[in-house]
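Asker: Quick one: structure below, then a few questions.
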Amino acid sequence: MPIFADRLARALESVDLVLADPAAGRSAAESVLADSGNDEAAAIALRALGLSWKENGDLARAVRTLRRAIAVAEKCGERYRAAEARMSLVVILSDLGQTEAALAEATLAAAVLTGADSARLDVNLGLVLIRIGRTSEALAAFDRGQPVLRAAGDARWETLLLNCRAVLHLYAGRYREAAANLLRGEQLSRQAGYRLLNAMIQLNLGYLARMTGNLPEALDRLDSAAELYAAHGKRGTNLYADRADMLLAAGLATEARATVTESIAEQERSGFRYNLAESHLMHARTALADGDPAAAATAARTARGMFSRQRRAAWADLARHTEVSARFATGERTPALLREASGLGDRLTAAKWPVAPHEARLIAGRVATDLGRHDQARELFEQVARHRHRGVAEIRALAWHAQALHALSAGRPSAAEQALRAGLRVHAENNAVLGATDLRAHAAARGEELATLGLRLALERGDARAVLRWAETWRAASLRRRPVRPPDDEQLAADLAQLRRVVADLATIESPAMRGAARSEVSRLNAERLRLEAAVRDRSRYARGAYAPEPPFAPAALAETLGERVLVEFMRLDDDLHAVTVRDGVVRRHRLGSYAAVLRQLDAVRFTMNRMSRRFGSPVMQKAAVEAYDHSRAVLDGLLFGPVRRAMDGGRGGEAGGTERPLVIVPTGSLHALPWTALPTCAGRAVSVTPSARLWKAAARAAAAGHGASATGRGTVLMAGPGLAHAEPEITALAARYPEAVVLAGEQATATNVTRALDGATLAHVATHGRFRSDHPLFSSLDAHDGPLYVYDLERLGSTPELLVLSACESALSGVRPGDELMGLASAVFALGTRTLIASVTPVDDSDTRTLMLALHAALAKGRPPALALAEASAATGIGGFVCFGFGG
């Protein structure tokens, strides 16, 4: 073969090779260029080299190299080779945000290219046209190019075309058309072995799943794409931003914000300026959802400026919409904001954004209402409300909200409440697909505004039963459904076991005996811990649930189940704390005062209890701590129970004969961390604290059906964990009371043995350290012999014990999310079968804990219901801090 022909063949081969293996393709191209000559082969090799730099993320170097390819080709009269290089340059310039230059290069290339090459140029051109909002022209380019590529048997470029056309349909809300393109692209890329292209398809299939409400599938697809990119040494420029969008859709605003911040840093490093604008917009949306409208407005302005420079008017309007939303969130209600939001609604509709136009008009209508422009407000609300029976769930929920506001503006509060309930049903149906506990708990934020408005309307009209119904409508809804195991459950178990080993190794290496261990080993183990935690968290989120409608909450049925008990349910609106009491079927509402004032006293109670448990300081200091504790708990008791005492006690200040009725308490917000038994009203009284009245009623009816806990030792588990001085003596003493119990201590108290024993037990007493993780409550844990026993481990059980006693400090603490959704050890077990939990929300001295626990089980052995048994044990020993959660009998 002549030398020139050999170089030409090698140059052409390098172009094909760079698409499959950029490093190998670059090496082949450099080999061609090492031979002297500025000829056709050199022009082709330079194009391959430029493409390799693009694949490696060095866009500036890719542009310089492709421009050299064009210059060499034109100098030696190879106009076609120059046009091919221009075709490659089109997308890279667009990625850099230089859309004008990209279109200019496409025009020059189109004048030369023919056949399949012309169709390939149409793919690149169509992508640029999508980015600048010329979607009709983009669709025409794709429709023109696909038959040519199919006839040429070019699976790679047809897959690229299908992916781009799917993105166009996704942005326009044409999800059926998007799915058809993506599924065909998935098939082509798999058959041809194009794994990187398949990663792109998986990414957009995930986005499609997110837009149609299937978040578990969306996250699964996204992680599949990430694995494919990682296998090729790539991170995927859109991965972070798309993950942030999906997390935001699930209500995980803080996690989404951290993810998109990482996305911006990655794109700054890579030079992909085009995608950077979208990431800044996502940052604005996450900041807004995270309660930071000032940061949201700043990020949205940054994004708008970048979009404008890229000639992407439709995207610039989307960024301006987020700016408007941020201004609304800060409380701005001005004619200027009304004009801007109303105009955006029209422009966003013309740009065919699926959701944003309805959000903009809803904001405009609310501003118009506050400005007293009621006719204009009703017109805006009506435009949104027309969509309440069609479209994706996000649009229908917005439409029902608009319908409620329309009814209110027309003076029809009953119709408004009906619309709010319909909107919440849409949210409930949409959230039902979520199987993972953390997704369910955070997704409650989607319906919080509707539920809050319903509660406000009920309070305004003074209807106590309606207030109770609205308070229960959206409260702790995730705990009413059992978590769903993810599809790859065995891998989740393996990840948890490995995480346990890593944490145990960390505990060993960080112990006083090992303090001289190399920092590098500590860093390595911490990095592995974070990786495994992410794997467990992400895998659990693939679980998919199903919708099961619930009957409306009925106060009359609750009153019947309560019997002689008295319910006190707390709720708040802004800083106003309210309560509803139910006694002998009579439902009353009460305004208690400032929530902030209550929190100040709650902090004082917890602080002084902490000091007393540590017995810190001189006798004088300890006496001062006790006096401060007595004062703060008395003040807090007055704030919470003073206004409701007559309703609780039937107007007599206490029952005749000195017997006080059992209390069922439903806290709100930070009151979930209150040691209720420390308050004078609750001292010596049977008190059950429950996440919601609905959950309590279900547990009470299950117990009445004959499925109560047994104190005979049958089905009993006693576990002593490591590092707790009172644990083994406590368990040894209890073993004498429960001779048939399964006893686990020392090396037998491994996570595997403990979970196996707990599964289906009637009664379990666990004496070990508990650890609450506020950053991720589902990684809260109990110490087993071989490492932490996580909430994720408990969620894999068939059922947790009916009565569970956690003899550990602060083991009942939970993370509280909107809708009083709880996440932590205490809350997890209620969704898994536990009806009663006795645990602490404050530090308690070890010796005091043992004394109280032995007294508790002595009372249980006498047949006392759990809440009464705890009350008697606390009164007899003078030791508090423990609370009976759930159904206390």
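The values are calculated or read from the model by the stated rules, or taken from the named source; none is laboratory data. No experiment lies behind these values; they were computed from the predicted model shown. So basically every Cβ, Gly included, is an ideal-geometry build from the backbone, and we count neighbours across all protein chains shown. Surface areas here come from the heavy atoms of the whole protein model, side chains and all, with no ligands, DNA or RNA. Shrake-Rupley method; radii C 1.70, N 1.55, O 1.52, S 1.80 Å.
Asker: What does the C-alpha gyration tensor say about the overall shape of region 428-498? Classify as rounded when a/c is under 1.5, otherwise prolate if a/b is larger than b/c, or oblate.
Answerer: prolate
Asker: Does a label point 7 Å from the Cα of Lys352, set along Cα-to-beta-carbon, have any residues of region 152-173 with amide nitrogen under 17 Å, and which are they?
Answerer: Within reach of a label on Lys352, which here means backbone N under 17 Å from a point 7 Å along Cα→Cβ, region 152-173 contributes 162-173.
Asker: Rounded to the nearest 0.05, what FRET efficiency do Glu550 and Asp488 have when you use their Cβ-Cβ distance and R0 = 41 Å?
Answerer: 0.85
Asker: Run the dipole for region 250-326 about the Cα centre, Lys and Arg Cβ at +1, Asp and Glu Cβ at -1, nothing else charged, and hand back the magnitude in debye, nearest 20.
Answerer: For this selection, approximately 440 debye.
Asker: Separate question: Can you give the accessible area of Val620, probe radius 1.4 Å, in Å² rounded to 10?
Answerer: Probe radius 1.4 Å; accessible area of Val620 about 110 Å².
Asker: Within region 256-328, what whole-number % of the accessible surface is contributed by carbon and sulfur, with the 1.4 Å probe and all protein chains included in the calculation?
Answerer: In region 256-328, the share of accessible area belonging to carbon and sulfur is 51 percent.
Asker: Of Ala393, Gly423, Thr437, whose Cα points farthest to the positive end of the dipole of region 373-517 (charges on the beta-carbon: +1 Lys, Arg; -1 Asp, Glu; origin at the Cα centre)?
Answerer: In region 373-517, that residue is Gly423.
Asker: So, one more: How long are the semi-axes of the equivalent ellipsoid of region 286-359, taking √(5λ) for every eigenvalue λ of the Cα gyration tensor, in whole Å from largest down?
Answerer: Each semi-axis is the square root of five times an eigenvalue, giving 18, 16, 11 Å.
Asker: Using +1 at the C-beta of Lys and Arg and -1 at the C-beta of Asp and Glu, which of Leu530, Ile509, Pro552 has the Cα lying farthest in the positive direction of the dipole of region 468-563?
Answerer: The listed residue farthest towards the positive side: Leu530.
Asker: Here's another thing I want to ask about it. Excluding ligands, DNA and RNA, what is the solvent-accessible area per residue of the chain at a probe of 1.4 Å, expressed in Å²? Each step should come with its number before you reach the end.
Answerer: Details: 35020 Å² over 889 residues.
Accessible area per residue: 39 Å².
Asker: May I ask for the Kirkwood hydrodynamic radius of region 202-292, worked out over all distinct Cα pairs and given in angstroms to one decimal?
Answerer: Details: mean 1/r = 0.0771 Å⁻¹.
Every distinct Cα pair counted, the radius reaches 13.0 Å.
Asker: Where does the charge balance sit around Ala867 when Lys and Arg score +1, Asp and Glu -1, over other residues with C-beta under 11 Å from its C-beta?
Answerer: Its environment carries a net charge of +2.
Asker: How big is the charge dipole of the chain about its Cα centre, in debye rounded to the nearest 20, if each Lys and Arg gets +1 on its Cβ and each Asp and Glu gets -1 on its Cβ? All intermediate terms of the calculation are to be shown ahead of the outcome.
Answerer: Numbers: 110 positive and 99 negative charges, 362 e Å.
Its charge dipole is roughly 1740 debye.
Asker: Oh, and also: Given a 1.4 Å probe and heavy atoms of the protein chains only, how would you sort Lys862, Lys75, largest accessible area at the top? Kindly include the intermediate steps, with their values, before the conclusion.
Answerer: On the way: Lys862 145, Lys75 170 Å².
Of Lys862, Lys75, the descending order of accessible area is Lys75, Lys862.
Asker: Excluding Ala119 itself, calculate the net charge of residues whose Cβ lies under 10 Å from the Cβ of Ala119, where each Lys or Arg counts +1 and each Asp or Glu counts -1.
Answerer: -1
Asker: Next question, about the same structure. Which of the aspartates and glutamates could a cross-linker span from Lys862 if the Cα-Cα distance has to be under 17 Å and same-chain partners fewer than 8 positions apart are dropped?
Answerer: Hits, sequence-local ones excluded: Glu872.
Asker: May I ask for the Rg/Rh ratio of region 14-85, computed from Cα atoms with Rh as the Kirkwood radius, given to two decimals?
Answerer: A ratio of 0.95.
Asker: Using the C-alpha gyration tensor of the chain, what are the square roots of 5 times its eigenvalues, in whole angstrom, with the largest one first?
Answerer: Each semi-axis is the square root of five times an eigenvalue, giving 59, 34, 22 Å.
Asker: Here's something else I'd like to know. Using every Cα-Cα pair within region 378-449, state what percent have a distance larger than 16 Å. The partial results should precede the final answer.
Answerer: Values: 1217 of 2556 pairs.
Percentage above 16 Å: 48.
Asker: Okay, next question. Can you spot the lysines whose alpha carbon is less than 16 Å from Lys75's alpha carbon? Ignore those fewer than 8 places along the same chain.
Answerer: Partners within reach: none.
Asker: Further, regarding this structure: Which percent, to the nearest 5, of DSSP beta bridges fully inside the chain are antiparallel?
Answerer: Percentage antiparallel, nearest 5: 55.
Asker: Mind grabbing the accessible area of Ser520 for me, 1.4 Å probe, Å², rounded to tens?
Answerer: Answer for Ser520: close to 90 Å² accessible.
Asker: Binning every alpha carbon pair distance of region 373-495 at 10 Å from zero, what are the percents per bin?
Answerer: 13, 36, 30, 13, 6, 2, 0
Asker: State, as an integer percentage, the relative contact order of the chain based on alpha-carbon contacts under 8 Å between residues 6 or more apart.
Answerer: Relative contact order here is 7 percent.
Asker: Averaged over every viewing direction, what's the projected area of the C-alpha convex hull for region 537-639? Give it in nm², one decimal, please.
Answerer: Directional mean of the projected Cα hull area for region 537-639 stands at 11.8 nm².
Asker: A further question follows. Of Thr677, Ala497, Ser540, which is farthest towards the positive pole of the chain's charge dipole, taken about the Cα centre with +1 and -1 on the beta-carbons of Lys, Arg and Asp, Glu respectively?
Answerer: Thr677
Asker: Any idea how far apart Glu564 and Ser799 come out in nm if each label point goes 7 Å out from Cα toward Cβ?
Answerer: For the pair Glu564/Ser799, the computed spacing is 2.8 nm.
Asker: Going by the alpha-carbon gyration tensor, a ≥ b ≥ c the square roots of its eigenvalues, is region 56-133 rounded (a/c under 1.5) or, if a/c is not under 1.5, prolate (a/b greater than b/c) versus oblate?
Answerer: oblate
Asker: Within straight cross-link reach of Lys623, meaning Cα distance under 17 Å, which aspartates and glutamates are found once same-chain residues fewer than 8 apart are removed?
Answerer: Asp845
Asker: Taking the Cα centre of region 583-649 as origin, work out the dipole magnitude from +1 charges on Lys and Arg Cβ and -1 charges on Asp and Glu Cβ, in debye rounded to 20.
Answerer: About 140 debye.
Asker: While we're looking at this one, here's another question. For the pair Asp463 and Ser520, what calculated FRET efficiency results from E = 1/(1 + (r/R0)^6), where r is the Cβ-Cβ distance and R0 = 56 Å, to the nearest 0.05?
Answerer: Given R0 = 56 Å and the Cβ-Cβ separation, E is 0.30.
Asker: Please compute the contact order of region 401-526 in relative form: average sequence separation of alpha-carbon pairs under 8 Å and at least six residues apart, divided by the residue count, as a percent.
Answerer: In percent, rounded to a whole number, it is 18.
Asker: Under 8 Å for C-alpha pairs, at least 6 residues apart: give me the relative contact order for region 49-118, rounded to a whole percent.
Answerer: Relative contact order, region 49-118: 26 percent.
Asker: May I ask you to list the residues of region 229-270 whose amide nitrogen lies under 14 Å from a point 7 Å from Cα along the Cα→beta-carbon direction of Arg531?
Answerer: 230-231
Asker: Hey, what does the equivalent ellipsoid look like for region 52-196, semi-axes from the Cα gyration tensor as sqrt of 5 times each eigenvalue, largest first, whole Å?
Answerer: Gyration-tensor ellipsoid for region 52-196: 26, 17, 15 Å.
Asker: Now for a different question. Leaving ligands and nucleic acids out of the surface, order Tyr171, Tyr629 by accessible area at 1.4 Å, largest first. Mind showing how you got there, number by number?
Answerer: Working: Tyr171 60, Tyr629 30 Å².
Largest to smallest exposure gives the sequence Tyr171, Tyr629.
Asker: Give me the tail of P(r) for region 125-192 as a percent: Cα-Cα pairs with distance above 16 Å.
Answerer: Value for region 125-192 (Cα pairs over 16 Å): 43 percent.
Asker: Still on this structure, please answer the following. Calculate the translational D of region 228-360 in whole µm² s⁻¹ from Stokes-Einstein, where the hydrodynamic radius comes from the Kirkwood formula applied to all Cα pairs, the temperature is 37 °C and the viscosity 0.692 mPa s.
Answerer: 218 µm²/s
Asker: Which value in nm describes the separation of the simple spin-label points at Ala628 and Thr508, placed 7 Å from the Cα toward the beta carbon?
Answerer: Calculated label separation equals 4.2 nm.
Asker: What net charge do the residues around Asp346 carry, taking every other residue with its C-beta under 12 Å from that of Asp346, with Lys and Arg at +1 and Asp and Glu at -1?
Answerer: +1
Asker: Cα gyration tensor of region 145-248, axes a ≥ b ≥ c as square roots of the eigenvalues: rounded (a/c below 1.5), prolate (a/b > b/c) or oblate?
Answerer: Oblate, because a/c is 1.5 or more while a/b does not exceed b/c.
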